[in-house]
1. Could you tell me how many of the residues in the range 116-142 are outside any strand (DSSP E or B) and touching a residue at least 60 places away in the same chain (Cβ under 8 Å)?
2. For the range 21-47, name all the residues that are crowded, with 20+ Cβ neighbours inside 10 Å and part of a loop (DSSP other than H, G, I, E, B).
3. Considering only residues that are within 13 Å of G127 (Cβ to Cβ), of a type in the set (V, I, T) and assigned to a helix (DSSP H, G or I), which ones fall in the range 76-115?
4. Take the conditions under 24 Å from M130 (Cβ atoms) and surrounded by 13 or more Cβ atoms within 10 Å (Cβ to Cβ) and apply them to I94. Does it pass?
5. Is there any pair with a first residue in the range 82-111 that is within 15 Å of E36 (Cα to Cα) and touching a residue at least 40 places away in the same chain (Cβ under 8 Å) and a second that is surrounded by fewer than 14 Cβ atoms within 10 Å (Cβ to Cβ) and of a type in the set (S, T, Y) whose Cβ atoms are under 7 Å apart and which are 6 or more apart or on different chains, and what are they?
6. Mind telling me which of the residues D72, D16, D65, D58 ends up being touching a strand residue (DSSP E or B) at 6+ places or on another chain (Cβ under 8 Å), surrounded by fewer than 18 Cβ atoms within 10 Å (Cβ to Cβ) and not aliphatic (A, V, I, L, M)?
7. Can you confirm whether I73 is under 16 Å from S21 (Cα atoms), under 13 Å from the mean Cα position of the chain (by Cα) and of a type outside the set (D, E, K, R)?
8. Could you please tell me which pairs satisfy a Cβ distance under 9 Å, a separation of 6+ or placement on different chains, a first residue in the range 43-62 that is over 13 Å from I5 (Cβ atoms), and a second residue that is at pLDDT below 95 and in a loop (DSSP other than H, G, I, E, B)?
Amino acid sequence: MRVVIQRVSEASVSIDRHVKSSIKLGYMILLGIEAEDNEEDAGWLCKKIAGLRVFSDDEGFMNLDIKSINGDILVISQFTLHASYKKGNRPSFIKAARPEQAIPLYEYFVKQLSLLIGKQVQTGEFGADMKVALVNDGPVTITMDTKNKE
């Protein structure tokens with residue numbers, strides 16, 4: 001499982017020109033699921049994300065986590081995070097999980113993250129053509145991959 005986490009002052013996702021979800025201060029997360037991924041990977045990532053301290057305290061140091069600031073989270077499914085680009089110029093997405101595996105794992109991820117932060121995580125729509133808008137705050141952008149837990 002691979003994520004790109006962006007600290008945002010606001011973010012939204014639209015489908016067919018209608019805003020499906022929007023947030024204020026928090027994280028906009030792109031989530032890529034590989035065929036080898038499982039609930040253990042999702043749980044590990046959720047704990048890391050919930051505990052990530054990248055929000056400023058009163059002294060201006062990145063010392064606070066998402067729950068401390070009562071921040072919001074928007075999670076967008078993003079199979080292209082598993083693009084293979086070593087051969088040629090057209091990426092292959094063979095490593096990305098098929099929808100029948102990815103959708104339940106995506107939903108599990110969202111549920112676990114919601115439980116950890118104590119509020120509902122906002123989402124896009126799996127497999128939809130989405131337009132994502134965000135204001136990156138900082139900018140702060142962090143990537144995590146369950147293949148690099150150590």
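The values are calculated or read from the model by the stated rules, or taken from the named source; none is laboratory data. Computed from a predicted structure; not experimentally measured. All Cβ positions, even for glycine, are placed from backbone atoms using ideal geometry, and neighbour counts span all protein chains on display.
1. So the first thing to find is which residues in the range 116-142 are outside any strand (DSSP E or B), and the list is 116-121, 124-129.
From what is left, the residues that are touching a residue at least 60 places away in the same chain (Cβ under 8 Å) are 116-117, 124-125, 128-129.
Number of matching residues: 6.
2. I33, D37
3. The answer is T80, I103.
4. Values: under 24 Å from M130 (Cβ atoms): yes; surrounded by 13 or more Cβ atoms within 10 Å (Cβ to Cβ): no.
Answer is no for this residue.
5. K95/S84
6. On the way: D72 fails: surrounded by fewer than 18 Cβ atoms within 10 Å (Cβ to Cβ); D16 fails: touching a strand residue (DSSP E or B) at 6+ places or on another chain (Cβ under 8 Å); D58 fails: touching a strand residue (DSSP E or B) at 6+ places or on another chain (Cβ under 8 Å).
Only one candidate qualifies: D65.
7. On the way: under 16 Å from S21 (Cα atoms): yes; under 13 Å from the mean Cα position of the chain (by Cα): yes; of a type outside the set (D, E, K, R): yes.
Spelling it out, I73 is indeed under 16 Å from S21 (Cα atoms), under 13 Å from the mean Cα position of the chain (by Cα) and of a type outside the set (D, E, K, R).
8. Listed pairs, sorted by first residue: W44/K149.
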